[in-house]
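Notes for the one structure printed next.
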Amino acid sequence: MAPPLLPRAPLGSSLSVAICGAGIGGLAAAVGLCQRGFSHVTIYESAPEIAEVGAGIQVAPNFCRVLDGFGVLEELKKQAVRLERNSVRRYANNKELGRTSFASLEERFGFPTFVVHRGDLHKALLNKAVELGTTLRTNSFVEDVNFEDASVKIKGQGWKKHDVLIAADGIKSQIRGKMMARRGEVDETIDTGEAAYRVILNRSAMEEDPELKQLIDDPVAIRWMGPDAHIVSYPIKAHKAYNIVTTHITGAEDIPEDWTNKASKATMQARFSAYAPIVRKLFALAPSDELVEWKLRIHLPLTSWIDNRVALLGDSAHATLPHIAQGAAMAGEDGAVIAAVLSKITDKKDVNKALLSYERLRKTRADWAVEQARITGHNLHVPDGPEQIARDEMIAKASQGVKSTSNPDKWGDKDVQARLYGLDVVAQAQQESARL
Ligand SMILES: Cc1cc2nc3c(=O)[nH]c(=O)nc-3n(C[C@H](O)[C@H](O)[C@H](O)COP(=O)(O)OP(=O)(O)OC[C@H]3O[C@@H](n4cnc5c(N)ncnc54)[C@H](O)[C@@H]3O)c2cc1C
């Protein structure tokens, strides 16, 4: 489907934009820029090819709004599962404590909540970026950057000159490290003490058992909360696969950070042995050779995302815990907003002004979302006892709509939902950048 027509940027044919990283953030920025008529957009990606990595990803209403603006939402819906609701449950007996109706969120905010495989989302954005004229250079590791003139040094290829550099190089961003060093700051990601297992089950493995078949058939995202851990699961790939991601507090184990680290099935099963039989049945089906476990890290809020002609975007600027499903959503919003503000300038000397405007529009919101995810993680993992009983009561009350009860699970909190899903960030950016 053709993306909506947008006013062409005055500098569309002359401003050269480099993007470091072809993740969801970098691709979102590329689509947004090309849509506005920028014809010199180059993505440098270190990987030799773009592969389908990751698993399920929730696309919340605010992210749907951005993807709709990019003209990829309808295509993506074909591979997606539209969720009707979530269900927050107690680990030991599978009892539902609270729920959020995603249908009512759609009524409130105009967009659905769905889940897709990250590979499908990535492919949809990549195809759109290339179709609109983005140049994608794989095997291109950005090893140095000049902040004053936005040139980038590509390993084995030398320096390339651009007018703006968008650093969408993920949580391990080297450009962020260089930017912080210039300010005399130390770039440190924080070990959150949490790690994740990821399991994907094929439909055929679950169909034999009526209870598990219902799980993969129902358009419901389930959250099981237990001491020091929780699990999120939902169907993906048009109900042909089931995605399970756990988060657990780690001990002294040395768990790597990368998403491909193979894990022990026996250790995972032991960790969740006190969970209800339905959970244990799911884990018993996990294919041992595909099970992965990795450490979850975040970054403290940065002083600034901008240095001269360089801007951080996505996880490089605001890496988050996954507990309110907003990491990719925030990266997508960043991409749409940076495109909107750059499309307003009429002189290349105003690039920094536009980037500072992007930061004003984005940083408070993204840092706040990171904090909501962190708080949620803490609340989900309390040990059994008085604090857990009080939390469960609050979740139940908030879910029943009892006024003035804030939901300890921010994914289901009405005020958090309003702030996250209710803002049209592109419309806001158009207004703000009218003043550029
Ligand atoms: C378990 C889990 C579940 C999640 N679930 C959700 C969810 O439901 N909803 C949601 O919205 N978000 C979710 N997220 C978050 C989301 O996946 C990330 O926030 C998002 O993918 C970040 O995108 P990015 O483009 O900023 O970074 P990345 O995806 O990390 O992309 C960075 C890219 O830059 C490239 N690169 C790095 N350095 C260089 C260099 N020097 N030169 C060239 N290229 C370079 C990398 O190869 C990579 O391709 C989840 C995350 C986790 C861990």
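Summary of computed values
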{"read-out": "Shape call, the range 18-78: gyration tensor on alpha carbons, a/c limit 1.5", "value": "oblate"}
{"read-out": "Ordering of 116-124, 140-148 by packing [mean C-beta count within 10 Å, highest first]", "value": "116-124, 140-148"}
{"read-out": "Cα-based Rg and Dmax for the chain, where Dmax is the largest Cα-Cα distance (Å)", "value": "21.6, 64"}
{"read-out": "Residue 400 versus residue 14: modelled label distance in nm, points set 7 Å from Cα along the beta carbon direction", "value": "6.5 nm"}
{"read-out": "Extension gain from residue 360 to residue 250, taking 0.36 nm per residue of separation minus the Cα-Cα distance", "value": "36.0 nm"}
{"read-out": "Rounded to the nearest 10 Å², the accessible area of residue 40 at probe 1.4 Å", "value": "80 Å²"}
{"read-out": "Average accessible surface area per residue within the chain, 1.4 Å rolling probe, Å²", "value": "40 Å²"}
{"read-out": "Protein accessible area in the range 1-114, 1.4 Å probe - carbon and sulfur %", "value": "50 percent"}
{"read-out": "Unit charges on C-beta of K, R, D, E only; dipole of the range 199-337, Debye", "value": "160 debye"}
{"read-out": "Computed E for residue 269/residue 159 - FRET, C-beta separation, R0 51 angstrom, nearest 0.05", "value": "0.45"}
{"read-out": "Size descriptor, Kirkwood hydrodynamic radius, that averages inverse alpha-carbon separations across the range 303-414, Å", "value": "16.0 Å"}
{"read-out": "Residue 49-residue 144 FRET efficiency (beta carbon distance; Förster radius 30 Å; 0.05 resolution)", "value": "0.80"}
{"read-out": "Cα centroid separation, the range 27-48 to the range 215-273 (Å)", "value": "33 Å"}
{"read-out": "Solvent-accessible ranking of 107, 293, largest area first, probe 1.4 Å", "value": "107, 293"}
{"read-out": "Under-19-angstrom lysine pairs by C-alpha in the range 1-142, whenever the two are 8 or more apart or on separate chains", "value": "4"}
{"read-out": "Contour excess over end-to-end distance, with Cα ends at residue 240 and residue 187 and 0.36 nm allotted per residue", "value": "14.9 nm"}
{"read-out": "CD proxy at 222 nm, helix term only [per DSSP H run n ≥ 4: -39500 (n - 2.57); per residue of the chain; nearest 500]", "value": "-11500 deg cm²/dmol"}
{"read-out": "Residue among 372, 388, 326 with the largest mean-square fluctuation in a Gaussian network model of the chain, springs linking Cα atoms under 10 Å", "value": "388"}
{"read-out": "Evaluated at q = 0.14, 0.28, 0.30 Å⁻¹: base-10 log I(q)/I(0), Debye formula over Cα of the range 152-199", "value": "-0.56, -1.16, -1.19"}
{"read-out": "Electrostatic dipole magnitude of the range 33-82 [Cβ: Lys, Arg +1; Asp, Glu -1; Cα centre; debye, to 20]", "value": "280 debye"}
{"read-out": "Residue among 186, 232, 164 with the largest mean-square fluctuation in a Gaussian network model of the chain, springs linking Cα atoms under 10 Å", "value": "186"}
{"read-out": "Antiparallel %, DSSP beta bridges [both residues in the chain], to 5", "value": "70 percent"}
{"read-out": "Part-to-part distance (alpha-carbon centres) for the range 288-308 and the range 388-435, which is given in Å", "value": "24 Å"}
{"read-out": "Förster radius 45 Å - calculated FRET efficiency between residue 371 and residue 207 (Cβ-Cβ, nearest 0.05)", "value": "0.65"}
{"read-out": "Fraction of accessible area attributable to carbon and sulfur, the range 275-370 (%, probe 1.4 Å)", "value": "53 percent"}
{"read-out": "Solvent-accessible ranking of 415, 254, largest area first, probe 1.4 Å", "value": "254, 415"}
{"read-out": "Relative contact order, percent, the chain [alpha-carbon distance under 8 Å, six or more residues apart]", "value": "21 percent"}
{"read-out": "20 Å Cα-Cα reach of residue 265 towards lysines, excluding residues that sit fewer than 8 places from it in its own chain", "value": "281, 295"}
{"read-out": "Separation in nanometres of the label points that stand 7 Å from Cα toward Cβ, at residue 257 and residue 103", "value": "4.3 nm"}
{"read-out": "Mean Cα-pair separation over length for the range 1-105, i.e. relative contact order, pairs under 8 Å, 6 or more apart, %", "value": "25 percent"}
{"read-out": "With all protein chains modelled, accessible area of residue 82 [1.4 Å, Å²]", "value": "120 Å²"}
{"read-out": "Under the Karplus curve 6.51 cos²θ - 1.76 cosθ + 1.60, θ = phi - 60°, whole-Hz ³J(HN,Hα) for the range 280-291, x wherever Gly or Pro sits", "value": "5, 5, 4, 5, 5, 7, 4, x, 4, 6, 10, 6"}
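The values are calculated or read from the model by the stated rules, or taken from the named source; none is laboratory data. Keep in mind that this is a model prediction, so the values were computed, not measured. Using ideal geometry, Cβ is built from the backbone for each residue, glycine included, and neighbour counts are taken over all protein chains shown. Side chains are part of the model used for accessible areas, which takes the heavy atoms of the whole protein and leaves out ligands, DNA and RNA. Shrake-Rupley method; radii C 1.70, N 1.55, O 1.52, S 1.80 Å.
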